[in-house]
1. Sort through Glu116, Glu129, Glu139, Glu195 and tell me the only one that's assigned by TED's automatic domain parsing to the domain that holds Ile92 and more than 30 Å from Leu89 (Cα to Cα).
2. Please work out which residue is modelled with the lowest pLDDT, limiting yourself to the stretch 1-28 and to residues that are among the acidic types (Asp, Glu) and part of a loop (DSSP other than H, G, I, E, B).
3. Do you know which of the residues in the stretch 69-106 that are in a loop (DSSP other than H, G, I, E, B) and among the basic types (Lys, Arg) is nearest to the chain's Cα centre (by Cα)?
4. Go through the stretch 62-86 and give me each residue that's over 20 Å from Lys125 (Cβ atoms) and surrounded by fewer than 16 Cβ atoms within 10 Å (Cβ to Cβ).
5. Under 6 Å by Cβ, and 6 or more places apart or on different chains, what pairs join a residue from the stretch 161-183 that is touching a residue at least 60 places away in the same chain (Cβ under 8 Å) with one that is surrounded by fewer than 16 Cβ atoms within 10 Å (Cβ to Cβ) and basic (Lys, Arg)?
6. Take the conditions of a type in the set (Asp, Glu) and not in a helix (DSSP H, G or I) and apply them to Glu129. Does it pass?
7. Pick from Ser124, Ser155, Ser162, Ser218: which is surrounded by fewer than 13 Cβ atoms within 10 Å (Cβ to Cβ) and either at pLDDT below 95 or out of contact with any Ser or Thr (no Cβ under 9 Å at 6 or more places or on another chain) (or both)?
8. Can you pull out the residues in the stretch 153-172 that are closer than 22 Å to Gly21 by Cβ and aliphatic (A, V, I, L, M)?
Amino acid sequence: MEVLVETVEKYLGQPIKDPYGRVIGHLISFYSDSDGYVTDLEISVGETSFKQISIDRFKFTSDGVIIVPEWQYEAEKVAKRLERLRKRLYAIEDLYAKKEIPRHAYETFKKKLDTELTKVKNDSKKVKEMLKKKIHELEDTIIELEKAFTSVKMSYIAGEVSDKTYKAAAEQLRKYLEYTTDEKEDVKKHLDRIEKLENQPLPVGGEHEAPSIPTQESPLPVVVIEGS
């Protein structure tokens, strides 16, 4: 979906959150083409780091700007490509099996689809590596947060930390643990989805009954919701 400058400008200076509610940074600028469509956003991460990110990774809602994590964006892209190519492969096999297309047309399109599928599988391998790395990073974060929680709780039980201070710290730590655990589960779901698509048997000449292809509902890369 194309996003106009008029849509983005009202969000300038506002915080940018991820799907889990964590503040990633602030929208400080944007880049647009000569037709007035935004191509990239510039965001601040803290006060010392700045990133230019494609508009495709953002959603604009009445509650603010949401950035789709890079792992999710790449996983969605490769999963949709795998789904599309498999459906086309089943379609071409079905048409040829029913003698609705000539052999030369079948061979031309089949070769092209096989080549595209090989490329997508190579991209899929890289994305799976990214997802597995992300899972390990999140597991390390969970361990670190659990250690921090244990330390604060121990000091509280020992009478070194006040009740008010402990409750405030515990609330933050629980929130961070929840965010991190939720993200880890989502990464696993996307990894499972891609692996299921890759492991699904491809059609062989003459076999034209297409099995169901697993799908997963997910937010579109860009959604514009005008507030009332």
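The values are calculated or read from the model by the stated rules, or taken from the named source; none is laboratory data. Worth saying up front: this structure is predicted, and the values here are computed from it rather than measured. Using ideal geometry, Cβ is built from the backbone for each residue, glycine included, and neighbour counts are taken over all protein chains shown.
1. On the way: Glu116 fails: more than 30 Å from Leu89 (Cα to Cα); Glu129 fails: more than 30 Å from Leu89 (Cα to Cα); Glu195 fails: more than 30 Å from Leu89 (Cα to Cα).
Every option except Glu139 fails the conditions.
2. Residues of the stretch 1-28 that are among the acidic types (Asp, Glu), as a first pass: 2, 6, 9, 18.
Those still in the list that are part of a loop (DSSP other than H, G, I, E, B) too: 2, 18.
On the way: Glu2: 85, Asp18: 95.
Only one residue tops the list, namely Glu2.
3. First, pick out the residues of the stretch 69-106 that are in a loop (DSSP other than H, G, I, E, B): 69, 98-102.
If we keep only those that are among the basic types (Lys, Arg) as well, we get 98-99.
Working: Lys98: 39, Lys99: 40 Å.
Here the residue is Lys98.
4. The answer is Ser62, Asp63, Gly64.
5. Pairs that qualify, where the first residue is touching a residue at least 60 places away in the same chain (Cβ under 8 Å) and the partner is surrounded by fewer than 16 Cβ atoms within 10 Å (Cβ to Cβ) and basic (Lys, Arg), are Tyr179/Arg22.
6. Values: of a type in the set (Asp, Glu): yes; not in a helix (DSSP H, G or I): no.
No: the conditions fail for Glu129.
7. Working: Ser124 fails: surrounded by fewer than 13 Cβ atoms within 10 Å (Cβ to Cβ); Ser155 fails: surrounded by fewer than 13 Cβ atoms within 10 Å (Cβ to Cβ); Ser218 fails: surrounded by fewer than 13 Cβ atoms within 10 Å (Cβ to Cβ).
Answer to the check: Ser162.
8. Here is the first cut: in the stretch 153-172, the ones closer than 22 Å to Gly21 by Cβ are 167-172.
Selection gives Ala168, Ala169, Ala170.
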